[in-house]
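Engineer: Dropping a structure here in structure tokens format, bear with me for questions.
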Number of protein chains: 2
Amino acid sequence: MAAKKVNVAILGLGTVGGGTYDILTQNHDMIVRTQGLDFCVRRVLDRDRDRVVARGVSPDAVTCNIDDIVNDKEIDVVVETMGGVEPAGSFIAKLLESGKTVVTANKELIGKCWHKLEPIAKAHGAGLYFEASCVGGVPIIRTLNESMQANHICELYGIINGTTNYILTKMTEEGLSYETALREAQQLGYAEFNPSADVDGFDAVYKLAILSSLAFHTSIPYTHIYREGITRITADDIKSANELGYVVKLLAIGRREGNRIEARVHPTFVPKDHPLASVRGAFNAVLLTGDFVDDIMLYGRGAGARPTGSAIVSDVVFAAKRKTHEYTDFAVSDKPDAGMEIADDFTSKYYIALTACDRAGVLAQVAKILGDCGVSIGTILQKEGKGEHATITFLTHTASEKAVTEALARIEKLEYVRSIDSLVRCL
Amino acid sequence: MAAKKVNVAILGLGTVGGGTYDILTQNHDMIVRTQGLDFCVRRVLDRDRDRVVARGVSPDAVTCNIDDIVNDKEIDVVVETMGGVEPAGSFIAKLLESGKTVVTANKELIGKCWHKLEPIAKAHGAGLYFEASCVGGVPIIRTLNESMQANHICELYGIINGTTNYILTKMTEEGLSYETALREAQQLGYAEFNPSADVDGFDAVYKLAILSSLAFHTSIPYTHIYREGITRITADDIKSANELGYVVKLLAIGRREGNRIEARVHPTFVPKDHPLASVRGAFNAVLLTGDFVDDIMLYGRGAGARPTGSAIVSDVVFAAKRKTHEYTDFAVSDKPDAGMEIADDFTSKYYIALTACDRAGVLAQVAKILGDCGVSIGTILQKEGKGEHATITFLTHTASEKAVTEALARIEKLEYVRSIDSLVRCL
């Protein structure tokens, strides 16, 4: 049987676009043989004509004008690997309006504008696929959509940002400070010159908005997700975690119980024997729990040209085989669905470190305030004093976030307490 | 939009069939809402009418005659959870001939008879789905088929049998003997009264035949897979592994290099920091390596009514949404494809333990024979002697299986060597 010819355009031939192009050309014959699809990269949109031609694209195929792709009736699928909200968002809207299927790796765009793009895709019978937007080569979206249909998913825990996991792994295994580990990540190209999107947790929030919406079948807008990055994690926190039997990870957490949803991204003490604890360096993983399947974990490279390109091409193949496309089973929105509560409080164990005057009675005062707020102390690890000050570190039992926040506000005002140094939630 | 009504029949309402029925009834409304599919279990084939009715199936729906299902034009999808090759195989053939889509959890049947069933499915436009045949709730087949299309998969390593992993975990963590751990597994229902299918590696071989064929896009008949079970693994092997920095796992290994394929199931020393080393108890995992995606690992429960039921219902949903079904991109066969070599030799490091007279010169003799065969010793761990005998244990450097086998045959004939006690391959 003759393979089906499928013409593809790529918007942006940078790192990920380049990886995608490499797969479509280097593995072209294997894809013809195994999938019955004969892909041809007919157009590339890129301002840097030279880098595109250097990769082997014919100069005639390069354009700077999106309309050359929108109006080309021969093009079936368009891959968007420009990144950023604009102009990528307007380009995709135009393409969907013309009935073209779009495959994108753009987590920021889907995280922020999914609710605008999906109705356009639906209205024009076009496909909108974004496996590559979350966790690189790891097939987490396909798994949620095509393998977990039998389950109410109740929990989702993910290490879904490679940059922060690299930094935290370096701090843990080599005792580096946050600043040194960040610098190393920047030198290796794992972190941007302005690292905020990663280290402040924005990237993980966009991905969690997408993944938790799909897992729980309801809109979880990124604006409703609690976000805390890793910039305040110190070498001391890492050391204390280790002593207490934990490693520090930036976790994306989604939980559903009835109509109540928790969605949050923050550094977390993860017990060393937990499956996520051993996810090191640039690797990522997502652990799901369903009512029938129980725990499932998917692990792999969360970023990079080749793994992300693999996810894109998997979407291109998946899309190219379909005559009609599916859309989400809920109305994607920038507001939570009616009747659903996205909780602004939750319970956790907490690791707390504070600096206080090294004198009798301070710990008792601290414990009293915690107790008054309903927070009880589990393990105390009082550290060496430095001069007249001492660092007090402890783990609480499970307590509500609001109670802990209130207690710390009161503790901070105590005469002999100099500073609250750390507050990290524990799994 | 009204949900699409889909009538389902289940063959065999035992453990896994029961789990499937529970999902289709307990999660019925969620599946209507999220998938647009309204499943109705219209028929159950089972000789034990009472257990079926006790689960809540209407007595009128129970039958012992497969023709009641074959001839029922209202039935769209049939779930086979009887197990065993016959009569399941004949029933499935009849159902496929009548154009009905079949979803099965039967690894032995698919492992042995895939090449007979797939052509029937294809000839009649029926679907044949078997996600549940491999690794319970873990979506490994969907991932291979729908997420790895961009890649040449070059390696696949799996812990794909829950019973043996439970036994080996107990031996490792509690120091139990093989016999005691097996008895415990039998008492808990993890191992059969006749445990051979699991402990002798047959179950893992059927699964590896399926998974490696899909991964490498070529027929790998189960008869061509090297098989060695865990029955000869001793508490001493487990202890030595631990001292050397390994844990013992029953691994299913598939590797492809050009047209040469390795496919084997055997106990393996796995380095403690390898992602598969921490897969404990009844959990299973598969690690894949693709040329673009790099390493991907999927982890979850490898057996049980609920996880396996989850995989079955995921196939039922996947199948019910399709107007046409896909078939493998190679001719499934009970012989390897022309031009493909399924290797009967491979290279590995080896752990070897032997008992010899405790006298000078024996180790030198052993080392000489190994050297003559091209096998060099890496680490030696000579153990305490017992009476006049001593146990000698060592790791080799990478060597060919044939060379090691030949060397051991010669070593066994040495005057002062009493027995070769262990030979375990290392990852």
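The values are calculated or read from the model by the stated rules, or taken from the named source; none is laboratory data. All values reported here derive from a predicted model rather than from experimental measurement. Cβ atoms come from the backbone with ideal geometry, glycine included; neighbour counts cover every protein chain shown. Just the protein is used for accessible areas: all its heavy atoms, side chains included, with ligands, DNA and RNA removed. Shrake-Rupley method; radii C 1.70, N 1.55, O 1.52, S 1.80 Å.
Engineer: Taking both sides together, what accessible area is buried at the B/A interface, probe 1.4 Å, expressed in Å² and rounded to the nearest 100? Please list the in-between numbers first.
Structural biologist: Values: alone 18970 and 18990 Å², together 33850 Å².
For chain B against chain A, roughly 4100 Å² becomes buried.
Engineer: Helix B:202-216: angle to the longest alpha-carbon principal axis of chain B, degrees 0 to 90, nearest 10?
Structural biologist: 80
Engineer: Over the range B:319-387, how many percent of alpha carbon pairs lie in each 10 Å bin up to the one with the longest distance?
Structural biologist: Percent of pairs per bin, in order: 12, 27, 15, 13, 14, 11, 6, 1.
Engineer: Mind checking the dipole of the range A:1-95: about its Cα centre, +1 per Lys or Arg Cβ, -1 per Asp or Glu Cβ, Debye to the nearest 20?
Structural biologist: So the dipole magnitude of the range A:1-95 works out to roughly 180 debye.
Engineer: Taking the Cα centre as origin and putting +1 on Lys and Arg beta-carbons and -1 on Asp and Glu beta-carbons, what dipole magnitude results for the range A:332-410, to the nearest 20 debye?
Structural biologist: Working: 8 positive and 11 negative charges, 88 e Å.
I would put it at about 420 debye.
Engineer: Relative to the first principal axis of the alpha-carbon coordinates of chain B, what is the inclination of helix B:88-97, with its axis defined by its Cα atoms, in degrees from 0 to 90 and to the nearest 10?
Structural biologist: 50
Engineer: Let me ask something else about it. Around B:VAL247, which amide H atoms from residues at least 5 apart in sequence, or from another chain, sit under 5 Å from its own amide H, with H modelled in the peptide plane?
Structural biologist: For B:VAL247, the qualifying residues are B:VAL270, B:LYS272.
Engineer: Okay, next question. Are there GluC sites (Glu not before Pro) in the range B:319-427 that DSSP puts in a loop and that have at most 12 other Cβ atoms within 10 Å, and which ones?
Structural biologist: Working: sites: B:GLU326, B:GLU341, B:GLU384, B:GLU388, B:GLU401, B:GLU406, B:GLU412, B:GLU415; in loops: B:GLU326, B:GLU388, B:GLU415.
For GluC sites (Glu not before Pro) across the range B:319-427 that sit outside H, G, I, E and B with at most 12 neighbouring Cβ atoms in 10 Å, the list reads B:GLU388, B:GLU415.
Engineer: Taking the mean number of other Cβ atoms within 10 Å as a proxy for protection, how do you rank B:271-280, A:287-296, A:64-73 from highest to lowest?
Structural biologist: Numbers: B:271-280: 17.4, A:287-296: 22.1, A:64-73: 14.2.
The peptides rank, most packed first, as A:287-296, B:271-280, A:64-73.
Engineer: Using a 10 Å cut-off around each Cβ of peptide B:135-148, what is the average number of partner chain Cβ atoms that fall inside? Numbers along the way, then the final one.
Structural biologist: On the way: counts 0, 3, 10, 6, 10, 1, 1, 5, 8, 1, 4, 12, 17, 7.
For peptide B:135-148, the averaged partner shielding equals 6.
Engineer: If the viscosity is 1.002 mPa s and the temperature 20 °C, what translational diffusion coefficient in µm²/s does Stokes-Einstein give for the range B:14-82 when Rh comes from Kirkwood over Cα pairs? Write down the numbers at each step before the final one.
Structural biologist: Numbers: Rh = 12.8 Å.
Rounded, D is 168 µm²/s.
Engineer: So which trypsin sites (Lys or Arg not before Pro) in the range A:322-378 pass both tests, a DSSP loop state and at most 13 other Cβ atoms within 10 Å of the Cβ?
Structural biologist: On the way: sites: A:ARG322, A:LYS323, A:LYS349, A:ARG359, A:LYS368; in loops: A:ARG322, A:LYS323, A:ARG359.
Of the trypsin sites (Lys or Arg not before Pro), the ones in loops of the range A:322-378 whose Cβ has at most 13 other Cβ atoms within 10 Å are A:ARG322, A:LYS323, A:ARG359.
Engineer: Which Cα, out of A:PRO139, B:LEU45, A:THR180, lies furthest along the positive dipole direction of the protein assembly as shown (beta carbon charges, K/R +1, D/E -1)?
Structural biologist: B:LEU45
Engineer: While we're here: Report the per residue volume, in Å³, of the convex hull enclosing the C-alpha atoms of the range A:258-385. Please list the in-between numbers first.
Structural biologist: Numbers: hull volume 29.5 nm³, N = 128.
In the range A:258-385, the Cα hull volume divided by residue count equals 231 Å³.
Engineer: Follow-up question, since we're still on this one. State to the nearest 20 debye the size of the charge dipole of the range A:146-234 about its Cα centre, where the only charges are +1 on K and R beta carbons and -1 on D and E beta carbons.
Structural biologist: Values: 5 positive and 11 negative charges, 31 e Å.
The calculated dipole for the range A:146-234 is roughly 140 debye.
Engineer: Here's a follow-up. Along the charge dipole of chain B, pointing to its positive end and built from +1/-1 on Cβ of Lys, Arg, Asp and Glu, which listed residue (B:VAL270, B:LEU24, B:TYR166) has its Cα farthest out?
Structural biologist: In chain B, that residue is B:LEU24.
Engineer: If you don't mind, another one. How high is the relative contact order of the range A:1-133, given as a whole-number percent (alpha carbon pairs under 8 Å, six or more residues apart)?
Structural biologist: Values: 226 pairs, mean separation 31.2, N = 133.
Once normalised by length, the contact order is 23 percent.
Engineer: Turning to a different aspect of this structure: Residue by residue through the range A:292-298, what is 3J(HN,Hα) from phi via Karplus (6.51 cos²θ - 1.76 cosθ + 1.60, θ = phi - 60°)? Round to whole Hz and write x for glycine and proline.
Structural biologist: 9, 6, 6, 8, 10, 10, 10
Engineer: Continuing with the same structure: Per residue of B:306-312, count partner chain C-beta atoms within 10 Å of its C-beta, then hand back the mean as an integer. Don't jump to the answer; show the numbers that get you there.
Structural biologist: Working: counts 7, 8, 2, 3, 11, 4, 1.
Mean shielding by partner chains, rounded to a whole number: 5.
Engineer: Can you bin chain B into rounded, prolate or oblate? Criterion: square roots of the alpha carbon gyration tensor eigenvalues sorted a ≥ b ≥ c, rounded for a/c under 1.5, prolate for a/b above b/c, oblate for the rest.
Structural biologist: Working: a/c = 2.57, a/b = 1.98, b/c = 1.30.
Note, shape of chain B comes out prolate.
Engineer: Can you work out the base-10 log of I(q)/I(0) for the protein assembly as shown at q = 0.07 1/Å, using the Debye formula on its C-alpha atoms alone?
Structural biologist: Results for the protein assembly as shown at q = 0.07 Å⁻¹ read -0.61.
Engineer: Could you state the accessible area per residue of chain A in Å², with a 1.4 Å probe and every protein chain left in place? Provide the component values of the computation, followed by the final result.
Structural biologist: Numbers: 16930 Å² over 427 residues.
With all protein chains present, chain A gives 40 Å² per residue.
Engineer: How far is B:GLY125 from the same spot in each other copy, in nm, shortest first, if each label point sits 7 Å from Cα toward Cβ?
Structural biologist: So the label point of B:GLY125 gives 2.1 nm to the other copies.
Engineer: Rounded to whole Hz and in sequence order, give me ³J(HN,Hα) for the range A:249-266 from the Karplus expression 6.51 cos²θ - 1.76 cosθ + 1.60, θ = phi - 60°, writing x for Gly and Pro.
Structural biologist: Once θ is set to phi - 60°, the couplings for the range A:249-266 become 9, 7, 9, 9, 10, x, 9, 10, 9, x, 9, 9, 10, 10, 9, 7, 10, 6 Hz.
Engineer: Projected onto the charge dipole of chain A (+1 at Lys/Arg Cβ, -1 at Asp/Glu Cβ, origin at the Cα centre), which of A:LEU414, A:TYR206, A:THR393 gives the Cα projection farthest towards the positive end?
Structural biologist: Projecting each Cα onto the dipole axis, the largest value belongs to A:TYR206.
Engineer: Can you tell me the orientation of helix A:178-187 relative to chain A, as the angle in degrees between its alpha-carbon axis and the longest Cα principal axis, to the nearest 10?
Structural biologist: Helix A:178-187 sits at roughly 20 degrees to that axis.
Engineer: Check each of the trypsin sites (Lys or Arg not before Pro) in the range B:163-264 and keep only those in coil by DSSP with at most 14 other C-beta atoms within 10 angstrom; list them in order.
Structural biologist: Numbers: sites: B:LYS170, B:ARG183, B:LYS207, B:ARG227, B:ARG232, B:LYS239, B:LYS249, B:ARG255, B:ARG256, B:ARG260, B:ARG264; in loops: B:ARG232.
Qualifying residues, ordered by number: B:ARG232.
Engineer: Note the distances from A:GLU192 to each other copy's matching label point, with points 7 Å along the Cα-to-beta-carbon direction, in nm, sorted shortest first.
Structural biologist: Here A:GLU192 shows inter-copy label distances of 5.7 nm.
Engineer: Still on this model: Quote the relative contact order of the range A:61-132 in percent (integer), defining contacts as alpha-carbon pairs under 8 Å separated by 6+ residues. Walk me through the numbers before you get to the answer.
Structural biologist: Numbers: 95 pairs, mean separation 22.8, N = 72.
Over the range A:61-132, the number comes to 32 percent.
Engineer: Follow-up question, since we're still on this one. Is the range B:1-131 best put as rounded, prolate or oblate by its Cα gyration tensor, with a ≥ b ≥ c the root eigenvalues, rounded for a/c under 1.5, and otherwise prolate when a/b is larger than b/c, oblate when not?
Structural biologist: On the way: a/c = 1.62, a/b = 1.24, b/c = 1.32.
Since a/c reaches 1.5 but b/c is at least a/b, the shape of the range B:1-131 is classed as oblate.
Engineer: When the Cα centres of the range A:290-336 and the range B:355-427 are compared, how far apart do they sit, in Å?
Structural biologist: So the separation of the two Cα centres works out to 51 Å.
Engineer: As a quick test, which of the pairs A:LYS100/A:LYS207; A:LYS321/B:LYS272; A:LYS4/A:LYS335 have an alpha carbon distance above 31 angstrom in this structure? Display every interim value, and only then the final one.
Structural biologist: Working: A:LYS100/A:LYS207 24 Å; A:LYS321/B:LYS272 42 Å; A:LYS4/A:LYS335 41 Å.
Check vs 31 Å cut-off fails for A:LYS321/B:LYS272; A:LYS4/A:LYS335.
Engineer: A follow-up question, please. First select every other residue whose beta carbon is under 12 angstrom from the beta carbon of B:ALA263; then total the charges, Lys and Arg +1, Asp and Glu -1. Intermediate values should be presented prior to the final figure.
Structural biologist: Values: positive: B:LYS207, B:ARG227, B:ARG255, B:ARG256, B:ARG260, B:ARG264; negative: B:GLU155, B:GLU262, B:GLU341, B:ASP344.
Once all neighbours under 12 Å are counted, the net charge is +2.
Engineer: Please list, by residue number, everything in the range A:88-106 whose backbone N is under 16 Å from a paramagnetic label point 7 Å out along Cα→Cβ of A:LYS73.
Structural biologist: Of the residues in the range A:88-106, A:98-100 have backbone N under 16 Å from the label point off A:LYS73.
Engineer: Residues of B:25-31, mean number of Cβ from any other protein chain within 10 Å of their own Cβ, rounded to a whole number?
Structural biologist: Average neighbour count from other chains, rounded to a whole number: 3.
Engineer: Using only Cα atoms, locate the centre of the range B:265-286 and the centre of the range B:172-199, then give the distance between them in Å, rounded to an integer.
Structural biologist: 17
Engineer: Same structure again: For chain B, calculate the relative contact order in percent as a whole number, restricting contacts to Cα pairs under 8 Å that are 6 or more residues apart. Please report the intermediate quantities before stating the final value.
Structural biologist: On the way: 903 pairs, mean separation 69.5, N = 427.
It comes to 16 percent, rounded to a whole number.
Engineer: Rounded, prolate or oblate: which fits the range A:186-318, taking a ≥ b ≥ c as square roots of the Cα gyration tensor eigenvalues, rounded meaning a/c under 1.5, else prolate when a/b beats b/c?
Structural biologist: Values: a/c = 1.42, a/b = 1.12, b/c = 1.26.
It is rounded, given that a/c, with a ≥ b ≥ c, falls under 1.5.
Engineer: Okay, moving on. Using a label point 7 Å beyond Cα on the Cα-Cβ vector, give me the inter-copy distances for B:LYS73 in nanometres, one decimal, shortest first.
Structural biologist: Nearest to farthest, the other copies are at 4.1 nm.
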